[in-house]
1. Working carefully through the options C:279, C:271, C:329, C:319, find the one that is of a type in the set (A, V, I, L, M), farther than 30 Å from residue A:335 by Cβ and part of a strand (DSSP E or B).
2. Could you look through the range C:275-292, keep only residues that are out of contact with any strand residue (DSSP E or B) (no Cβ under 7 Å at 6 or more places or on another chain) and open to solvent by less than 10 Å² (accessible area, probe 1.4 Å), and pick out the one that is farthest from residue C:138 (Cα to Cα)?
3. Does the range A:369-381 include one or more residues that are among the polar types (S, T, N, Q), open to solvent by 20 Å² or more (accessible area, probe 1.4 Å) and more than 7 Å from chain B (Cβ to nearest Cβ)?
4. Please find, among B:19, B:53, the residue that is of a type in the set (Val, Ile, Thr) and modelled with pLDDT under 90.
5. Would you point out which residue out of A:147, A:137 is touching a helix residue (DSSP H, G or I) at 6+ places or on another chain (Cβ under 9 Å), within 8 Å of another protein chain (Cβ to nearest Cβ) and within 15 Å of residue A:264 (Cα to Cα)?
6. Within the range A:152-163, identify whether any single residue is free of Cβ contacts under 8 Å to residues at least 40 places away in the same chain and open to solvent by less than 10 Å² (accessible area, probe 1.4 Å), and answer yes or no.
7. Could you list, in sequence order, all residues of the range B:71-108 that are over 18 Å from residue A:421 (Cα atoms) and in a loop (DSSP other than H, G, I, E, B)?
8. What pairs can you find where one residue is in the range A:72-92 and open to solvent by 10 Å² or more (accessible area, probe 1.4 Å), the other is aromatic (Phe, Trp, Tyr) and not in a helix (DSSP H, G or I), and their Cβ atoms are less than 9 Å apart, with a gap of 6+ or different chains?
Amino acid sequence: MNEILLGFSQIFQPLSFLALAFGVLIGLIVGALPGLNDNITLAVLIPITFGMEPEIALPILVGVYVSACYGGSIPAILLNIPGTASSVVTTIDGYQMTLKGEAGKALGISTTSSVFGGIFSSLLLMFLAPFLAKQALRFGPPEYFALAILGFSTVAGMAGKSLTKNLLVCVIGLIFATVGMSPQTGYPRFYFGIDYLLDGIPFIPMLIGLFGVTTILELSETISKEKISKYVLPKINKVLPDFKMVKRLLPTWLISGSIGNVIGILPGAGMIMAIYMSYDQAVRRNKDKEFGTGVPEGVAAPEAANNAVVASSMIPLLSLGVPGNSAAALFIGALMIQGLRPGPSLFKDYPDIAYMILVAFFVGNILMGPMGIMLGKFLSSTLLRVPRQVLSGVIIALCVTGAFAMGNSVFNIWVMIFFGIIGYVFNKLKLPHSPLILAIVLGPMMELNYLQSMVLSKGSPMIFVTRPISLGLLIIALFFFATPFINSLKDNLKRKNSLSG
Amino acid sequence: MGWKSNIILAIFLICVGIVGLFLLKDMPEPPAMFPEILFFLLIFFSTVLLISVLKNSKDGSEKKEINYYPVLKITGGLVLYTLIIKILGYLLATFLLVIYIILVMGYPKKLITVVVSLVSVSIIFAIFKLLLNVPLPAGLFLGL
Amino acid sequence: MKKVLILCLIFLLVFSISACSGGGASNEKIQNDSKSAEDSKKEVNFPEKDLRIIVPFDPGGAVDVTCRIIAELAPDYLNGKKIIVENMPGGGAVVGQTYVSKANPDGYTILAYTSSVVSNPMTKTTTYTHESFQPVAMYCFDPDVLIVSADSKFKTLKDFLDYSKENEVSINTAGIATAHHIAGMILQNKIDAKFNFIHTTGAGMQIQQILGGHVDAGLLTTGEAQAQIKDGTIRALGLMHDERRQDFPDVPTFKENGVDILYGAWRGLAVPKDTPKEVVDILAKAFEGIIADQRFIDKMTTAGYPIIFRGPQEFTEYVDMEAKNFKQVLPLLQEAQK
């Protein structure tokens, strides 16, 4: 406890505090700009922080990391374009709320949910990190394989109208995911002689295409014939949800926050899995509401989950020195450059710095609330006032630049255009986007861990059912997969009965 | 979009699946295993879709006239942009792209269009090139 | 009227852009200069503008970070000219390596030259080989280390060697055909063992699998596991180096245990093959200076990257030797890919 207080006294030093606030601001902005994300920003900032004192350098980096994925929800809600990959699910209900004139409410929900998720996980980080990190080590290749299967079961849950179409899209996504060198054997698959595809289809340019370009193409159909249209400006005075709403969202926050924390602690599981699982849980728990039409829980679930992943992904890093995701891997670089080794010795040798980092996650999440609301209010009052025709041009400029910047190559712009067209065609055919993204993220994880498990078990698939955690995950996945089938069977039976009757 | 497009989709994906399986012929077993399963699943689900669509052929929803023209124009503009970005350089190409998109979207005020393009491209350039050190294409003539 | 206005504005923009850019023109001048310099053996004026290091990996990795440390000090050694680090990831470094192999051989485009430049042309279809580059300076050699979990039954390297001669052992690497995988295959040959290789996506995943006891042992660079080795959660059994490392005095080498194996990740800089010798020498001298700079040494040591310097001649010989080693295990590798 004393150490925690030490951390607080360090972070409230004027310079450290300013650095943290600055980091949070930068994170919000880069998160809100489609095409920029926390990874690219951290990568750029780390060499800049070379020359700084760790008391200033680290709070900046923590601030960026904490707030970027919340910043991503702002354009997801206002424009249907997620600012970062962590907000792809937020678009489903968030944008619908904006269309209903509830942009302010949606932003408020996303803010409170993010702050809740973030504080939840930063408390775990402060008090339970070593214990939780040990638990995460129980996950080996078979468990990760089972976890990927569990991730896929959310597709079955999301199937609103057509289960077949959802599964079809999922398979298409998995096929896209096989492009590039195969895991374990390194065989180049379906890369058509293009070196850029050897590492797989570039993910961020693909997302920019699926969301940014598709949205503009959709818009152009109708808007070019309209007179200059302005949104009926929604009143964004009341942003913060009232007590009734908080009470309503609290279960969603708790469940999504827990999912986010569990996924965050597991190195390599990833934010995308967390947001999909928590959205799926929200859908399953609220059968009376029609998700996809602007349901508050649809915004609260992914936003609470993604911010819970942020701080909890630092648990394996700070306790074991194992990075949970690419942003955490960049953190290792930042710490090393300062002469700090992540791991238990960090807390022994440099308690002031180590506990400052923990506390910075906590304080950063609190700062993110008011700063995020200010930015959200500002953006919604400006973005929604600009004629959409003009905004489209600016968005396209951001899209092409962001796609290029992800690998400094023009090839990424081609990827963006390709997936822009795919997204548009998908919309026309009423094929959902979300299973595609999930499949592209989980496909490689599933295949890699399957092949690794097979090496470990010398070819016997029994390894997946003889290990308790893996078995448990597979049973839960089976249950989730089965429910929509059973439900649709029931419905069919009912319909047949009513038809014949 | 009625059931016709769904039938086309299903048949198209079945073809993709068959072509995919054909492509896998020369691939050794471990890397080919997953794609093989996936192409079979693709054919399977497409067939399920095809059958279910053919069954419910009557509930084709009403057709809406869609104006594909601007969609094609924007896609074409993006393709052209990507082809010439290395020749014209990032600044000029993107500036022209933004003007083009705003015009295709049907915005009538030309001066605002130009000003917005100029300002937005300059800001984006400043963020990416100057702050983030992204090596945006320089172009053959201007060297920027 | 409005159209005229647009045109005017466009012209204004074009004009202002071309006015403030001088880089393109000076580029040609330098080429002419270096050519005439070769002819008349005059002093070469290099560098006259900023240089670029192409890092064929994502930002944040060891190669990227070390290159940025070099870039930071570069102006002091290159007439005040800057080095800009550009990431060009893709294709397991093929994209960036191809780019530099085709770049103008004027010394202004430098490749962050790592072991993948040897392995890529042999395992993938590329338009270049390691001989398409002129090595300039090696600045870091991080020897591979064999690690196990702290509660593993292997207490010493001898335990491991004895056991693996009789039994199959699972070993993870950072990916197929990486330097670590090659090191593992060479070791396997030398001690006549059978390893089950598990290829992960990077050191983070390797350490997680070893700490969790899912995999018996792992091969990675010392730098990548130094935090866990120093914390005692991971035991380093043996170093693939000719002598013990100063910062890990307790870790024995393979050589001490009778297995002669030297392997590790090397990091260096190279330019396209036809770069004039004068330019290569200027660059090599500048990098030699940077590598001896106390600020460079401090940063590399705190970050745990061991420093070594090899000039153009020695570096070339080293890479040729590495390529020979690689060719020996190539049939094994192709077997593993099937």
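1. Just a single option satisfies the conditions, and that option is C:271.
2. Within the range C:275-292, the match that is farthest from residue C:138 (Cα to Cα) is C:279.
3. The answer is yes; a qualifying residue exists.
4. That would be B:53, the only listed residue that is of a type in the set (Val, Ile, Thr) and modelled with pLDDT under 90.
5. A:137
6. Taking every residue of the range A:152-163 in turn, none turns out to be free of Cβ contacts under 8 Å to residues at least 40 places away in the same chain and open to solvent by less than 10 Å² (accessible area, probe 1.4 Å).
7. B:89, B:106, B:107, B:108
8. These pairs meet every condition: A:92/A:291.
The values are calculated or read from the model by the stated rules, or taken from the named source; none is laboratory data. Since the model is a prediction, treat every value here as computed from it, not as a measurement. Neighbour counts are summed over all protein chains in view; Cβ atoms, including those assigned to glycine, are modelled from backbone coordinates with ideal geometry. Protein only, heavy atoms only, side chains kept; ligands, DNA and RNA dropped before computing areas. Shrake-Rupley method; radii C 1.70, N 1.55, O 1.52, S 1.80 Å.
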